[in-house]
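These notes concern the structure reproduced below.
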Amino acid sequence: MSELGQKLRRARQQAGLSLAGMAKRTGYSRGYLGNVETGERQATPGLIRAYERALDDSVNRRQLMIGSLATLAASSVDDAAVSIVHEIREERSGMLTQIQTTHETDKAIASLVGSDTASLASLTKWTRRGSTILRVNAAGILAKVGMPLADTEVVKVLRADGEVRELYLTAVLSRVLSLPWTAASSLAACRNALSETQISRLIDELRNWHDSGARWCAAIILDRNRDDHPERITAALVAALKTEPSAENLRALGSALAGVDPLAV
């Protein structure tokens with residue numbers, strides 16, 4: 001039996017739940033849960049979140065978090081993500097105030113805190129309070145949770161908070177266009193001509209379903225350069241309008257296509 005499987009079984013048993021009862025609460029089959037608990041199948045972050053939702057007791061949830069973090073660490077996510085999740089759960093923002101976190105770190109954190117109401121409330125509060133680094137990091141994590149309310153909060157912050165917007169745009173441009181940070185920062189601050197390859201990468205980013213903030217940033221930068229590539233960028237924005245799940249991103253796309261600055265709506 002794997003160590004994580006043992007933790008899952010112990011938490012379930014301490015809650016007085018049978019495998020059948022846990023299967024009913026989580027939506028996974030009894031056989032699958034049994035195989036995970038015995039170590040025959042590997043636990044996924046999604047399964048761990050399902051166990052956490054099914055168990056209300058704080059002690060059981062804490063035990064599961066230890067297992068979750070072990071799974072996260074085993075999947076080669078940097079150690080910072082592990083520590084940050086601990087802090088968020090304890091309503092502390094220390095590490096999030098020190099350095100801007102990476103796209104992959106944000107995704108890892110979001111996968112673990114996305115079902116925790118208290119953690120989401122803390123992150124939402126931090127998008128509007130504290131240092132610029134804290135605000136942009138909180139927004140970056142929320143943008144990857146995949147929830148409509150979180151997406152709305154992130155885009156509202158990006159539109160209203162110039163400091164957060166500049167850092168978020170810089171991070172997206174550096175990652176997507178493989179630019180040094182200083183070059184990405186310059187591009188985020190003002191309009192610069194983009195190459196065909198850069199346009200293609202930003203159009204692809206409009207379909208990055210892991211990050212609602214990055215999709216918004218891609219739309220903003222593409223709109224700035226639409227005069228240079230009118231047909232191609234217009235077609236990309238129209239295509240994105242048909243599939244975008246976030247209401248605030250739909251507003252930005254619609255405004256851009258109507259000739260209205262998305263930052264003004």
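The values are calculated or read from the model by the stated rules, or taken from the named source; none is laboratory data. Everything numeric in this text was worked out from a predicted model, so none of it was measured. In this analysis, Cβ positions are derived from the backbone assuming ideal geometry, glycine residues included, and neighbour counts consider all displayed protein chains.
Applying the condition of being assigned to a helix (DSSP H, G or I) and free of Cβ contacts under 8 Å to residues at least 24 places away in the same chain to region 252-265 and asking which residue is farthest from residue 143 (Cα to Cα) yields 257.
When every residue of region 53-68 is checked against the conditions, at least one turns out to be closer than 23 Å to residue 124 by Cβ, surrounded by fewer than 20 Cβ atoms within 10 Å (Cβ to Cβ) and modelled with pLDDT of 75 or more.
Filtered by the rule that a residue be among the polar types (S, T, N, Q) and either over 20 Å from residue 159 (Cα atoms) or crowded, with 19+ Cβ neighbours inside 10 Å (or both), region 171-191 gives 174, 178, 182. Could you run through region 109-152 and say how many residues are buried (at least 24 other Cβ atoms within 10 Å of the Cβ) and among the acidic types (Asp, Glu)? Residues that pass the stated criteria total 1.
Would region 250-261 turn up any residue that is crowded, with 22+ Cβ neighbours inside 10 Å and within 24 Å of the chain's Cα centre (by Cα)? Taking every residue of region 250-261 in turn, at least one turns out to be crowded, with 22+ Cβ neighbours inside 10 Å and within 24 Å of the chain's Cα centre (by Cα).
Scanning region 129-149 for residues that are closer than 15 Å to residue 92 by Cα and outside any helix (DSSP H, G or I) yields 129, 130, 131.
Residue 199: in contact (Cβ under 8 Å) with a residue 12 or more places away in the chain, over 22 Å from residue 253 (Cβ atoms) and either assigned by TED's automatic domain parsing to the domain that holds residue 222 or of a type in the set (Val, Ile, Thr) (or both), yes or no? For residue 199, the condition - in contact (Cβ under 8 Å) with a residue 12 or more places away in the chain, over 22 Å from residue 253 (Cβ atoms) and either assigned by TED's automatic domain parsing to the domain that holds residue 222 or of a type in the set (Val, Ile, Thr) (or both) - is not met. Does residue 231 qualify as being assigned to a helix (DSSP H, G or I) and either touching a residue at least 60 places away in the same chain (Cβ under 8 Å) or not assigned by TED's automatic domain parsing to the domain that holds residue 186 (or both)? Criteria not met by residue 231.
Consider region 150-208 and keep the residues that are under 18 Å from the mean Cα position of the chain (by Cα) and part of a loop (DSSP other than H, G, I, E, B). The one that is modelled with the highest pLDDT is 206.
Is it fair to say residue 90 is modelled with pLDDT of 85 or more and more than 24 Å from residue 216 (Cβ to Cβ)? Judged against the criteria, residue 90 is a match.
Close Cβ contacts (under 7 Å, 6 or more residues apart or on different chains) running from residues in region 10-35 that are exposed (fewer than 15 other Cβ atoms within 10 Å of the Cβ) to residues that are charged (D, E, K, R) and modelled with pLDDT of 85 or more comprise 20/30. Number of residues in region 77-101 that are in contact (Cβ under 8 Å) with a residue 12 or more places away in the chain, out of contact with any Phe, Trp or Tyr (no Cβ under 8 Å at 6 or more places or on another chain) and either of a type in the set (Ser, Thr, Tyr) or not in a helix (DSSP H, G or I) (or both): the value is 9.
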